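Dropping a structure here in structure tokens format, bear with me for questions.
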């Protein structure tokens, strides 16, 4: 797979620019090493820490353990998307609009960065471009 094509595919995700795409293709291992999107997000450090016992899931704060550079770039891109949506208004009925209505903006940005990491892993595994779910539903 060509690195330029991989970086171009990643830049189709909202909030992922050329620097984030280049860092992901450079620092991340092959996406085939991660069986799930959550595994890649955990490797980056964007998943909640688990304190689970006896079949009861207890999720804590974001672990922040993992690849610092990619995590920081994903969060910066997510903050840009959240700020844009706050100014222009998120599309009606979308996940981002519902989250912004009930959660603090920085928390929404970190959760969006988690989704962006999972989406990046899926795009690289499948070899596809990003398709906007809001446009697919319309």
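No value in this document is a laboratory result; all are computed from the given coordinates. Fair warning: this is a prediction, and the values are worked out from it, not measured in the lab. Note that each Cβ is placed from the backbone with ideal geometry, even for glycine, and that neighbours are counted across all protein chains shown.
Simple spin-label model, 7 Å along Cα-to-Cβ: residue 53 to residue 5 in nm?
Taking the two extended label points, one gets 5.1 nm.
Answer with a single label: of (1) 28, 22, 14; (2) 29, 23, 11; (3) 22, 21, 14, which was calculated as semi-axes √(5λ) of the Cα gyration tensor in Å from the structure in view?
(3)
Can you work out the FRET efficiency for the pair residue 132 and residue 65, with r the C-beta to C-beta distance and R0 = 30 Å, to the nearest 0.05?
0.45
Sticking with this one: Can you tell me the order of 76-83, 97-104, 39-46 when each peptide is scored by its average per-residue count of other Cβ atoms within 10 angstrom, highest first?
39-46, 76-83, 97-104
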